[in-house]
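Here's the structure, in structure tokens; my notes come after.
We did not get these values from a lab; they are worked out from the coordinates using the rules stated. Note that this is a predicted model, so its numbers are computed, not measured. Glycine also receives a Cβ, built like all others from the backbone with ideal geometry; neighbour counts cover every protein chain displayed.
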Amino acid sequence: MTSVDDKTTEKKARKARAKAALPGTIAADSRIDIQSEPEGHTVFTNQNPKKAPSGRRLVDLADVFGGDDLAQMPVIVRETSIGNRVRVWRAPDGSWHRRGGGVLLKMRKGTRSFVITTYKGANEKDLLNLIGVVEDVAEGKKRKHWEKVDEAWADDRTFKLVFNSRRYADPFDHADPSPRVFFCSESRCIERWHTDESTFHTLDHVEKEVGKYASYVIEVNKNALEANSSWFVDLVTTEFSEATPTQVASLVNDLQWAAEECRRANNLVEVAA
């Protein structure tokens, strides 16, 4: 376990590196760790290695679970609770890679689930990359890239993804435009996470094409960055012309529905307060 002194030293090193880095580059982000010296190869591979970098035998999930079972297992996404950080590292061949999180296959609240955990500094591409791995497993791919977990809390069918890094650019010369990701704490929001570019909770929405030149999206939203913000209605339409009375009535009906949902949600907040 990393000591308090070690964590303080690592934090100072990250800040010093970020300060010295070219502004706007990946290295200028003090939230992530960068390992410039080559380390063990733990990237996704199209080959079928028999052992993990730790030397332990890899497990084919298809030997433990049925294909239909793997495809139907729930997927949980969460952020690290123990302070793990995104790590950018260099492989022995000189290529750069990024580890933005990990995946466990474990029992959670009585149901065996894929649990995706993002690390501090993770961005949307990190998360989507890990979600993509789980989707591949459901489709019969990447089932051989797992290692059995031998911990007191784990049962004999608990596994972790071994090859959890992706190819990446040189962090000292490149920027990463992918927005930062953070998980939603609003219980009524239908989104599991947000990014710096999508900072609104969504209570519900409806999307319709009601005619050749008539379509719209209606959402009940509220600002995710402002405490005690109220729900409001958003209407987005790129074109709404040559609509028939029936199509107009559809829009009006959906707006009335959204208004009532918004009113009800705000009333619940007032009662709770």
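Structure notes:
- Kirkwood-based shape ratio for the range 116-183, expressed as Rg/Rh from alpha carbons: 1.03
- Only helices enter the 222 nm calculation for the chain: every DSSP H run of n ≥ 4 contributes -39,500 (n - 2.57), and dividing by all residues gives -8000 deg cm²/dmol, rounded to 500.
- Label-point separation in nm, N223 to D196, each point 7 Å along Cα→Cβ: 1.9 nm
- Taking all Cα pairs closer than 8 Å and separated by 6 or more residues, the relative contact order of the chain comes to 15 percent.
- At most 16 other Cβ within 10 Å, DSSP loop - GluC sites (Glu not before Pro), the range 168-273: E186, E191, E197, E226, E239, E242
- Amide H contacts under 5 Å for I76: F114, V115, I116, restricted to partners 5 or more places along the chain or on a different chain, H placed in the peptide plane at 1.01 Å from N.
- Modelled spin-label separation between W153 and V64, with each label point placed 7 Å from Cα along the Cα-to-Cβ direction: 1.6 nm.
- Nearest-ten-degree value, helix 124-138 long axis tilted from longest Cα axis of the chain: 80 degrees
- Taking 0.36 nm per residue of separation and subtracting the Cα-Cα distance, full extension of the segment from V206 to R167 would add 10.3 nm.
- Between T111 and R57, the FRET efficiency estimated from the beta carbon spacing at R0 = 22 angstrom works out to 0.25.
- Subset of K19/K148; K109/K141; K19/K142; K125/K222; K12/K141; K120/K208 violating a 29 Å alpha-carbon distance limit: K19/K148; K19/K142; K12/K141; K120/K208
- Of all aspartates and glutamates in the structure, the ones whose alpha carbon falls short of 18 Å from that of K11, not counting any fewer than 8 places away in one chain, are D29, D33.
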